[in-house]
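Heads up, the thing below is written out as structure tokens.
The values are calculated or read from the model by the stated rules, or taken from the named source; none is laboratory data. Worth saying up front: this structure is predicted, and the values here are computed from it rather than measured. Note that we place each Cβ from the backbone using ideal geometry, even for glycine, and neighbour counts take in every protein chain shown. Remember, those area values only see protein heavy atoms, side chains included, never the ligands or the DNA or RNA. Shrake-Rupley method; radii C 1.70, N 1.55, O 1.52, S 1.80 Å.
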Amino acid sequence: MHILLSSFSMITGLPEIFGYFFVFVFGAVVGSFLNVLIHRVPREESIVFPNSACPNCKQSIKPYDNIPLLSWLILSGKCRSCKNPISPRYPAVELLTALLFVLVFWQIGFNPFLPVGLIFAAAMIALIFIDAENMILPNVITYPLLVFALLVRLIFPLFLSASYFSDLKVSPLNQMEDYPIWLVSLFGAVLGGLVGGGSLWLVGEIWKRLRGVEAMGLGDVKMMFAVGALLGWRLTLLTIFIGAFTGAVVGMLVISRQKEKDFQAQIPFGIFLGIGSIVALLFGEQMVSWYIETFLPG
Ligand SMILES: [Zn+2]
């Protein structure tokens, strides 16, 4: 364990704290890009052109006013030309991404799976904030995330290591010894995808037949297919459990604060599934082991 944790300093010769600092700064920069995605993807605008501009005075933002976290502080949260307030969402997403990247680095360590964890976390932040604002989980994020998950599932066992996928060590995948490991890994991806996307789709279909209302968006189904493909069936079940539990708690709070009770209140479920998937990525293995040791001993 100690060897794993100190690998950044072993490889680079720098103290471990530098690793955390680099990852934090990198996270803030990525968060700044995620702000562009969160703003433009739902509006179907290009994410590379034009440069960012103030939504109020349309003045384009100078590079020195576009430094993650710092610019917002230096400008006291106001546009340099028109003094209109800049949404605190911008520094919030940058800080959140930076802190989440530090957590991913802490949990995964300095190894080939680190970029996978960082990309997954970044995609989830984009999806969570887009769902919160627009109640959609756009295909332009969920489809590439699914392709990415399948590629990782194929490439890691072939060229790097399959040890990052915990579902390969448990049933049913650990019984497929006769097959090449990359095929078992891909099978695990499909199984995880079906557990994630398939189960949500089924719940949505049953609800639709019973109540005649659309309960589950297809965006959630696609997102959970991608999550399941990467994390495997166990961590995907954990994701759905965390998502459903936190979603239900928040949903009840929302309904209890309504003056006129509307139990059909629309809650963007993608937010909670996104949070659940990040928790599952970071702490899922520990949580699943704890659950098995506590409730299913022997
Ligand atoms: Zn302005």
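In this entry, E285 passes the filter for residues that are acidic (D, E) and under 27 Å from V102 (Cα atoms). Go over the candidates L230, L237 one by one and state the one that is modelled with pLDDT of 90 or more, within 24 Å of the chain's Cα centre (by Cα) and open to solvent by less than 50 Å² (accessible area, probe 1.4 Å). Criteria check complete, one pass: L230. Assess whether L70 counts as being more than 16 Å from the ligand (Cβ to nearest atom) and either open to solvent by less than 30 Å² (accessible area, probe 1.4 Å) or closer than 27 Å to I136 by Cβ (or both). No, not satisfied.
Working only within segment 89-104, note down all residues that are buried (at least 22 other Cβ atoms within 10 Å of the Cβ) and farther than 13 Å from V29 by Cα. Listed by number, the list holds a single entry, V104.
Hey, can you tell me all the residues within segment 249-288 that are of a type in the set (G, A, S), outside any loop (DSSP other than H, G, I, E, B), modelled with pLDDT under 90 and open to solvent by less than 70 Å² (accessible area, probe 1.4 Å)? The one that is of a type in the set (G, A, S), outside any loop (DSSP other than H, G, I, E, B), modelled with pLDDT under 90 and open to solvent by less than 70 Å² (accessible area, probe 1.4 Å): G251.
L14 - would you say it is assigned to a helix (DSSP H, G or I) and away from the ligand (no atom under 16 Å from the Cβ)? Criteria not met by L14. Of the residues making up segment 41-55, those that are surrounded by 15 or more Cβ atoms within 10 Å (Cβ to Cβ) and within 13 Å of the ligand (Cβ to nearest atom) are S52, C54.
Taking the numbered list (1) more than 18 Å from G232 (Cβ to Cβ); (2) open to solvent by 60 Å² or more (accessible area, probe 1.4 Å); (3) not hydrophobic (A, V, I, L, M, F, W, C) in turn, Y164 passes all entries but (1). Taking the criterion of being within 26 Å of I128 (Cβ to Cβ) and open to solvent by 40 Å² or more (accessible area, probe 1.4 Å), the residues of segment 167-196 that qualify are V190, L191, L194. Look at I38 and say whether it is surrounded by 17 or more Cβ atoms within 10 Å (Cβ to Cβ) and either within 16 Å of the ligand (Cβ to nearest atom) or on the phi < 0 side of the Ramachandran plot (or both). Here the answer is yes, as I38 does meet what is asked. Taking each residue of segment 201-226 that is in contact (Cβ under 8 Å) with a residue 12 or more places away in the chain and within 27 Å of A126 (Cα to Cα) and looking for partners that are open to solvent by 90 Å² or more (accessible area, probe 1.4 Å) and in a loop (DSSP other than H, G, I, E, B) with beta-carbon atoms closer than 8 Å, six or more apart or interchain, yields G204/E214. K58 meets the conditions (1) open to solvent by 20 Å² or more (accessible area, probe 1.4 Å); (2) within 16 Å of the ligand (Cβ to nearest atom); (3) out of contact with any strand residue (DSSP E or B) (no Cβ under 7 Å at 6 or more places or on another chain); (4) at pLDDT 90 or above in every case but one. The failed one is (4). Considering (1) within 20 Å of A280 (Cα to Cα); (2) without any contact (Cβ under 8 Å) to a residue 12 or more places away in the chain; (3) not polar (S, T, N, Q), the lone condition that A122 does not fulfil carries the number (2).
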